[in-house]
Amino acid sequence: MTIAVTEPRVEDKLYQNRYLVDAGRPHIKVRPHVTPSANLLALTRVCPAKCYEENDKGQVEITADGCMECGTCRVLCEASGEIEWNYPRGGFGVLFKFG
Amino acid sequence: MIEEKFDAIVIGAGMSGNAAAYTMASRGMKVLQLERGEYPGSKNVQGAIMYADMLEKIIPDFRDDAPLERHLVEQRFWMMDDTSHTGMHYRSDDFNEAKPNRYTIIRAQFDKWFSRKVRAAGATVLCETTVTELAHDTSGKVIGVRTDRTGGVIFADVVVLAEGVNGLLGTRAELREMPKPETVALAVKEMHFLPEEVIDQRFGLKGDEGCVIEAAGTISRGMTGLAFLYTNKESISLGIGCLVSDFAAKMESPYVLLDMFKNHPSVRPLIKGSEVKEYAAHLIPEGGYKAIPQLFGDGWVVVGDAAQLNNAVHREGSNLAMTSGRIAGEAIFQVKSRRDPMTRENLALYKTMLDNSFIVKDLKKYKDMPALLHTNSQHFFKTYPQLMSQAAQNFMRVDGTPKIDKEKATTAAFIRARSRWGLVSDAVRLAFAWR
Ligand SMILES: Cc1cc2nc3c(=O)[nH]c(=O)nc-3n(C[C@H](O)[C@H](O)[C@H](O)COP(=O)(O)OP(=O)(O)OC[C@H]3O[C@@H](n4cnc5c(N)ncnc54)[C@H](O)[C@@H]3O)c2cc1C
Ligand code: SF4
């Protein structure tokens with residue numbers, strides 16, 4: 001037997017958090033590609049904020065507003081050049097109340 | 001632009017950065033500390049158990065005003081399968097001592113308190129400032145930093161990189177490698193609020209007593225991972241983490257694992273009725289001794305999580321961060337007191353002092369553990385927990401089966417699942433890695 005959980009809505013979880021979004025200056029960018037690598041595709045499941053999504057052409061896109069700056073995508077995809085990762089400008093991004 | 005030159009610049013106001021800045025500033029050094037968050041702690045995540053001894057060595061009277069949640073009187077280790085847990089509990093009234101040894105804390109609050117101490121010791125602390133680059137002279141020596149706030153270089157004799165596990169600066173300057181997917185875990189965590197009395201009742205606690213649970217088993221779905229549940233005064237911190245390489249290979253979602261843990265029949269009653277106020281994610285260094293990078297160079301040292309100084313077996317990180325920050329601060333102060341330059345040769349003192357501390361000794365002791373658990377994750381995190389649960393259930397159910405047959409059935413189940421040779425070799429390798 002496994003524990004039954006319906007796929008949780010990450011938006012509901014992120015809704016609890018505080019952010020100061022640096023509008024128009026995303027701190028992570030995905031390089032345009034035809035087919036994503038296995039790691040890039042995995043990010044659609046592995047990113048804890050579900051920032052990565054596969055579009056209907058099978059390419060992976062990012063919306064970094066809910067990003068918690070954990071660095072997982074950097075560890076998986078920066079070396080291959082598929083993504084560009086920087087910290088948000090000072091003061092912007094996630095603001096943990098408790099951590 | 002900041003025209004002054006500093007004795008030291010500390011990048012980051014987490015555990016290691018605060019320890020380093022405090023140590024140097026309280027010895028009269030001119031210290032600048034830069035933190036990208038709005039306030040210290042706003043980017044930081046921890047379980048969080050804080051070990052008193054290591055903080056006492058920096059701020060002896062911290063108990064007077066530090067934001068401490070509960071002191072721990074009970075620790076539970078759970079091996080979980082999908083419906084049960086087999087466990088070991090240790091509770092002792094001896095932990096109710098005048099100066100308790102372990103506390104739960106809430107990092108955002110703790111880091112703000114620590115930062116106030118750093119400022120009081122005389123350091124200049126600038127938040128909302130992301131360091132964008134290390135500045136070098138023509139010989140390659142680090143001579144300062146550039147930030148996203150000031151135009152030019154801010155100069156210092158030495159730069160302490162306390163930038164955490166995902167530190168961009170040291171890796172981009174090629175002072176160390178970027179963490180690999182198999183040497184870092186991704187952990188997700190939630191804060192569940194409940195009235196203090198409810199927490200006291202559910203865990204049998206009184207006053208400031210606290211209880212923590214560490215759990216492993218099928219909850220990580222065969223990946224190398226651990227879950228935790230810690231009591232704070234009016235909240236419960238709980239979370240789960242697994243190696244990034246495992247997450248990627250299995251295409252698992254951390255929030256699904258987290259919700260499975262929360263819905264486990266052993267966990268659900270403990271958090272029933274709680275209000276969730278935050279969801280956080282962070283990496284944890286898991287590479288151990290073999291992943292420790294070069295720790296010093298001309299004009300720089302690296303401390304804490306950025307240097308992979310984390311004991312994943314014992315779930316210790318903040319204490320290694322604080323201690324490495326303190327030791328770096330002391331080493332730098334010694335070099336400065338001798339009026340020697342902050343060269344690679346002179347800063348090697350930091351490594352020598354660190355090698356003689358519990359940090360490197362502990363990490364060395366478990367040097368083979370990360371690889372062992374990683375290559376055998378299916379067995380250690382899935383097969384064995386299931387077998388343990390079956391064995392316990394077989395032992396406890398009274399159903400008329402002779403005890404001797406029950407024992408045989410248990411042994412047979414272990415051998416079927418893992419083969420006699422597999423069991424022996426797992427046991428031997430685990431014993432050696434633990435030794
Ligand atoms: C879920 C979880 C549970 C844990 N539980 C425990 C536990 O119970 N007990 C324990 O001892 N340890 C635990 N740890 C480990 C512990 O949290 C870390 O070891 C510790 O926080 C490391 O401290 P640090 O100072 O090295 O890094 P951090 O605390 O990460 O601090 C790094 C700081 O640098 C800043 N920074 C980074 N780059 C820049 C830049 N370019 N410019 C300006 N500022 C920058 C960041 O904003 C941050 O404030 C846990 C970790 C996690 C993720
Ligand atoms: S840093 Fe973490 S939260 Fe942000 S996009 Fe990458 S994986 Fe997702």
For this session: Would you work out the charge dipole size for the protein assembly as shown about its Cα centre, treating the Cβ of every Lys and Arg as +1 and the Cβ of every Asp and Glu as -1, and quote it to the nearest 20 debye?
Result: 960
Problem set entry | Kyte-Doolittle mean at least 0.5, axial Cα span of 20 Å or more - DSSP H helices of chain B | B:420-434
Exercise. Among B:Pro269, B:Pro370, B:Pro181, which one moves the most in a GNM of chain B with springs linking Cα atoms closer than 10 Å?
Worked result: B:Pro269
Exercise. Got a sec? Charge dipole of the protein assembly as shown, +1 on Cβ for Lys and Arg, -1 for Asp and Glu; which of B:Gln308, B:His89, B:Tyr230 is way out at the positive end?
Worked result: B:His89
Problem set entry | Largest to smallest principal axis extent of the C-alpha atoms in chain A, angstrom | 46, 38, 23
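If you take every DSSP beta bridge fully contained in the range B:1-89, what fraction is antiparallel? Give it as a percent rounded to 5.
Antiparallel bridges: around 55 percent, rounded to the nearest 5.
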For this session: Please go through the residue pairs B:Lys5/B:Lys336; B:Lys141/B:Lys351; B:Lys57/B:Lys189; A:Lys97/B:Lys233 and name each one whose alpha carbons sit more than 25 Å apart in this structure.
Result: B:Lys57/B:Lys189
Problem set entry | Exposure rule at most 11 other beta-carbon atoms within 10 Å, DSSP loop trypsin sites (Lys or Arg not before Pro): chain A longest free segment | A:10-56
For this session: Could you state the orientation-averaged shadow area of the convex hull built on the Cα atoms of the protein assembly as shown, in nm² to one decimal?
Result: 26.7
Exercise. Once the dipole of chain B is set up with Lys and Arg at +1 and Asp and Glu at -1 on Cβ about the Cα centre, which of B:Ser245, B:Met29, B:Leu72 lies farthest towards its positive end?
Worked result: B:Ser245
Problem set entry | About the Cα centre, charge dipole magnitude for the range B:369-434 (Lys/Arg +1, Asp/Glu -1 at Cβ), debye | 80
Exercise. Considering chain B as a Gaussian network with a 10 Å cut-off on Cα pairs, which listed residue, B:Ile213, B:Ile106, B:Ile332, attains the greatest mean-square fluctuation?
Worked result: B:Ile213
Exercise. Can you give the Rg and Dmax of the range B:1-61 based on its C-alpha atoms, in angstrom?
Worked result: 13.2, 40
For this session: Within the range B:1-53, list the GluC sites (Glu not before Pro) lying in a DSSP loop whose Cβ has at most 13 other Cβ atoms in a 10 Å radius.
Result: B:Glu3, B:Glu4
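Report Rg(Cα)/(2.2 N^0.38 Å) for chain B, keeping two decimals.
Here the Cα radius of gyration is 1.05 times the empirical estimate.
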Problem set entry | Residues of type lysines that A:Lys57 reaches as a straight line, Cα spacing below 24 Å, ignoring anything fewer than 8 places off in the same chain | A:Lys29, B:Lys250
Problem set entry | Within the range B:159-211, GluC sites (Glu not before Pro) in DSSP loop having at most 15 other beta-carbon neighbours inside 10 Å | B:Glu174, B:Glu177
Seminar exercise, completed: Note, B:His71: beta-carbon cut-off 9 Å, +1 each Lys/Arg, -1 each Asp/Glu, net -2
Exercise. Given springs between every Cα pair under 10 Å in a Gaussian network model of chain B, which of B:Met251, B:Met342, B:Met353 has the largest fluctuation?
Worked result: B:Met251
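Here, each number is a calculation from the coordinates, and none is a lab measurement. None of these values were measured; they are calculated from a predicted model. All Cβ positions, even for glycine, are placed from backbone atoms using ideal geometry, and neighbour counts span all protein chains on display.
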